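Have a look at the structure below before the remarks.
The values are calculated or read from the model by the stated rules, or taken from the named source; none is laboratory data. Here the structure is a predicted model, which means the values were calculated and not measured. Glycine also receives a Cβ, built like all others from the backbone with ideal geometry; neighbour counts cover every protein chain displayed. Side chains are part of the model used for accessible areas, which takes the heavy atoms of the whole protein and leaves out ligands, DNA and RNA. Shrake-Rupley method; radii C 1.70, N 1.55, O 1.52, S 1.80 Å.
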Amino acid sequence: MGAMVLKDRDGMVAETEAGFEATLGVYLSVPFCRSKCSFCNFASGVSSEEAVEAYVGRICREIATAPGRAQALRARLPRDVDTIYLGGGTPSRLSPEQLRRIFGTLRETFQIAGDAEVTMEAAPGQIGEALLAEAMVQGVNRISLGVQSFVDRESAAVGRSHTAKGCVEEVYRLQRAGVTDLGVDLIAGLPYQTEASWRHSLQTATSLGLKHLSVYMLEIDEDSRLGREVLGGGRRLHVHALPSEEATAALYESACEWLPAQGFEQYEISNFALQQHRSRHNCKYWLRAPYIGFGLDAHSMLLRDEQAAGEGCRSAVRFANCSDLAQYQEAESCAPFRVAASGGFSMTEVGRSEAFEETIFLGLRMNQGISLVQLRQEFSADLVGPAEEAAGEVIRDGLMLEQEGRWRLTLRGRLLSNEVFTRLLMGVAV
Ligand code: SF4
């Protein structure tokens, strides 16, 4: 089979015959925040200490029962874990003891590699000394700070309680404590943002000795308070000060052009890193390597032992927990099919056409693109042929390039990625 392998610390990939399915990425969802940001469309919210404690108990039981659940799904669950990602929400909402309990359960269930990449998301100013010390004892070696903007007016407009000065001080404090692998998230398209203020945020970020930057464009959808306000024609939440879609796209494009000149290579649509500092964990998602998620709204993808019918790729199964906290708390996870019936769990079989679609729309997110040789090795002509036909026109329209036997999105293609994926996959019969 033509599988891919995560080759090195930088998340660089190579096409090779073996290996990539041997290790596992683990995602832990901690869906609690001190307050809810107006733009947030994640399954997260403000909860009591008791709710957090009950959740930790639930997530530990979910981790401990993972091997049995994987078996019930006929999926292979690698025991060796080489990446862990605590996201949310704000994992910095956990107490040191709760963090210790979660990692203790992980160690009882899995074998965590000595050089595992262990990332924790944190809100600036919300990771106390005791939690930071415990996180480092537990192996956290990478922290991602949800800054979003280094301009106070923009942060305040979306409900963030931190200031730019506080964020900068937080970066230095974490670096002094020994966390050198630090990254921040920034959002293009916040209320009051201008070209100059965006450049200020980018310049501040690149001046702090950070290793990783994520740059997202503000999403306007029904899942956030801000999105609902905009779509409903409302005027609250600083809607009047939102940049236009075109202006937001221009801000994103300027980041794609400016950050590489500062040494931050763009390796994915929203992600930039100094050499050797890509997120290995997130690369697993885009390369379709196995991972398991625990907690609210956590998603997983595990491989099966058998090949997908008629193809060179392996069949797989994707499954996800629900996004309702009460439902997640009630649904115990040792019997997936029973939990599915209660609505607490969903599952999708990944057969040949699904695997092909995923390879296209996940692989193209990465700037290294997709190897055509590998595509033809893994999938049959009735899947690859129509995509190759569609590719000609997508390339002519300036959205994609074919270079060194790989398809890659252009800068414009990254902005219109959903359109590219739709056009490439139009001819795929499901
Ligand atoms: S953006 Fe982050 S900190 Fe803000 S509510 Fe959402 S998960 Fe919480």
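At-a-glance table
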item: The chain - mean residue ellipticity at 222 nm from DSSP helices (-39,500 (n - 2.57) per run, n ≥ 4, rounded to 500); result: -11500 deg cm²/dmol
item: Hits among aspartates and glutamates - C-alpha to C-alpha of Lys284 under 15 Å, sequence gap 8 or more where chains match; result: Asp8, Asp10, Glu15, Glu21, Asp80, Asp82, Glu117, Glu268, Glu358
item: Theoretical FRET efficiency, 1/(1+(r/R0)^6), r = Cβ-Cβ of Ser207 and Asn418, R0 25 Å, to 0.05; result: 0.15
item: Inter-label distance for Glu108 and Ala133, nm, one decimal - labels placed 7 Å from Cα along Cα-to-Cβ; result: 2.6 nm
item: Peptide ranges 278-288, 188-198 listed from the most packed, as the mean C-beta count within 10 angstrom indicates; result: 278-288, 188-198
item: Stretchable slack from Gln175 to Ala22, in nm (0.36 nm times residue separation minus alpha-carbon distance); result: 51.8 nm
item: Pair Asp223, Arg304: separation of 7 Å Cα→Cβ label points (nm); result: 2.7 nm
item: Inter-probe distance in nm under a simple model that places probes 7 Å from Cα toward Cβ, at Gln71 and Ala241; result: 5.7 nm
item: Surface accessible to a 1.4 Å probe, per residue, for the residues of the stretch 352-430, Å²; result: 45 Å²
item: For the chain, the Rg and Dmax computed from alpha carbons only, in angstrom; result: 21.4, 58
item: Heavy-atom accessible surface of the stretch 199-248: percent carbon and sulfur, 1.4 Å; result: 47 percent
item: Order by protection proxy (mean Cβ within 10 Å, highest first), peptides 264-270, 163-169; result: 264-270, 163-169
